[in-house]
Amino acid sequence: MKLFIITKRRLMLCACLVVALTVIVAGSLSAFAASERLLPIYCVETDKKQVAISFDAAWGNDDTEDLIKILKEYDVPATFFVVGAWVDKYPESVKALSDAGHQIQNHSNTHPHMPQLSREQMKNEIESCNEKIERITGKCPTLLRPPYGDYDNALIEVMNELKMFTIQWDVDSLDWKDNATPESICKRVTSKVKNGSIVLFHNDADHTPEALPNILKTLKDEGYEFVFISDLILKDNYEIKHDGTQCKRTDGE
């Protein structure tokens, strides 16, 4: 019988082999995890010159009436993502926006960082806000914009379970910044919009009502059609690229 003698050298070689295999496996798992990262929709790949205007409403309400008037003047439909607490405080504005033909969508109930919550807490945030909006508008939201744009795989999975879409943006007006001006807001938006863009504004930023008319006129003159986000996005047979662009599936599924 042949004996296998374990020497110090062989032990060291085995230890090195184990470490190397551990590193390879860990790297493979990390790569797999990265490839499985779930993404919200930032914009849509389309040949149509369509753009979606959106507003987040979480705090103040001084400019909502002015925004309704401006959007009506330019015949532009907009998507308003509202927080449930804002709905509680300004139900008349929610109704006014809905009555003016705009879509009211979900921005959470209390504006938390969603990844810090459990799945059940996420679901409660979304469903509580949905219920508040539906009581006023008669329509249940189908879209969520996470507060702070903060999300993780768990949130996307919860949204999928609720059969809702998670929405971000690819054009940020930065209208909330202290150094923002009507001119800087207009230039930033009009220079970055492309087919399928989703533009982010805020309903209570200081200079948005001043900047908005020039933005809408410029984009209309360039041939863009304004649509709701819910009409811009694909509802099935789609994939989301690494940069958040939603597009038709190309793998035949």
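The values are calculated or read from the model by the stated rules, or taken from the named source; none is laboratory data. As the structure is a prediction and not an experimental result, all values here were calculated from the model. FYI the Cβ positions are ideal-geometry reconstructions off the backbone, even for glycines, and counts take in every protein chain you see. Ligands, DNA and RNA are excluded from the accessible area calculation, which covers all protein heavy atoms including side chains. Shrake-Rupley method; radii C 1.70, N 1.55, O 1.52, S 1.80 Å.
Results for (1) of a type in the set (A, V, I, L, M, F, W, C); (2) surrounded by fewer than 17 Cβ atoms within 10 Å (Cβ to Cβ); (3) over 27 Å from Asp62 (Cβ atoms); (4) without any contact (Cβ under 8 Å) to a residue 12 or more places away in the chain, shown as yes or no for each residue.
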| position | (1), (2), (3), (4) |
| --- | --- |
| Asp204 | no, no, no, no |
| His207 | no, no, no, no |
| Ile215 | yes, no, no, no |
| Leu219 | yes, no, no, no |
| Tyr224 | no, no, yes, no |
| Ile240 | yes, no, yes, no |
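Tell me, yes or no, whether the stretch 16-38 has at least one residue that is open to solvent by 30 Å² or more (accessible area, probe 1.4 Å) and modelled with pLDDT of 95 or more.
yes
So Arg188 fits all but one of (1) in contact (Cβ under 8 Å) with a residue 24 or more places away in the chain; (2) surrounded by 16 or more Cβ atoms within 10 Å (Cβ to Cβ); (3) farther than 27 Å from Glu120 by Cα; what number is the exception?
So Arg188 meets the others, but not (1).
In the list Asn160, Asn124, which residue meets the criterion of being polar (S, T, N, Q) and either at pLDDT below 95 or within 16 Å of the chain's Cα centre (by Cα) (or both)?
Asn160
Determine if the stretch 82-90 includes at least one residue that is modelled with pLDDT of 95 or more, closer than 30 Å to Lys241 by Cβ and outside any loop (DSSP other than H, G, I, E, B).
For the stretch 82-90, residues modelled with pLDDT of 95 or more, closer than 30 Å to Lys241 by Cβ and outside any loop (DSSP other than H, G, I, E, B): present.
Which of the residues that make up the stretch 161-183 are under 18 Å from Phe55 (Cβ atoms) and either among the small types (Gly, Ala, Ser) or assigned to a loop (DSSP other than H, G, I, E, B) (or both)?
If the condition is that a residue be under 18 Å from Phe55 (Cβ atoms) and either among the small types (Gly, Ala, Ser) or assigned to a loop (DSSP other than H, G, I, E, B) (or both), then Gln168, Trp169, Asp170, Ser173, Leu174, Asp175, Trp176, Lys177, Ala180 are the ones that fit.
Being over 25 Å from Pro209 (Cβ atoms), surrounded by fewer than 20 Cβ atoms within 10 Å (Cβ to Cβ) and among the hydrophobic types (A, V, I, L, M, F, W, C) is the filter here; which residues of the stretch 39-76 pass it?
Across the stretch 39-76, the qualifying residue is only Leu39.
Scanning the stretch 35-78 for residues that are touching a strand residue (DSSP E or B) at 6+ places or on another chain (Cβ under 6 Å), among the β-branched types (Val, Ile, Thr) and not in a loop (DSSP other than H, G, I, E, B), which turns out nearest to Glu161 (Cα to Cα)?
My answer is Ile41.
Restrict the check to the stretch 149-159 and report whether at least one residue is touching a strand residue (DSSP E or B) at 6+ places or on another chain (Cβ under 7 Å), surrounded by fewer than 20 Cβ atoms within 10 Å (Cβ to Cβ) and at positive phi.
Checked against the condition, which is being touching a strand residue (DSSP E or B) at 6+ places or on another chain (Cβ under 7 Å), surrounded by fewer than 20 Cβ atoms within 10 Å (Cβ to Cβ) and at positive phi, the stretch 149-159 yields no hits at all.
Looking only at residues in the stretch 122-143 that are touching a Pro at 6+ places or on another chain (Cβ under 8 Å) and open to solvent by 40 Å² or more (accessible area, probe 1.4 Å), which one is farthest from Ile70 (Cα to Cα)?
By that ranking, first place goes to Glu134.
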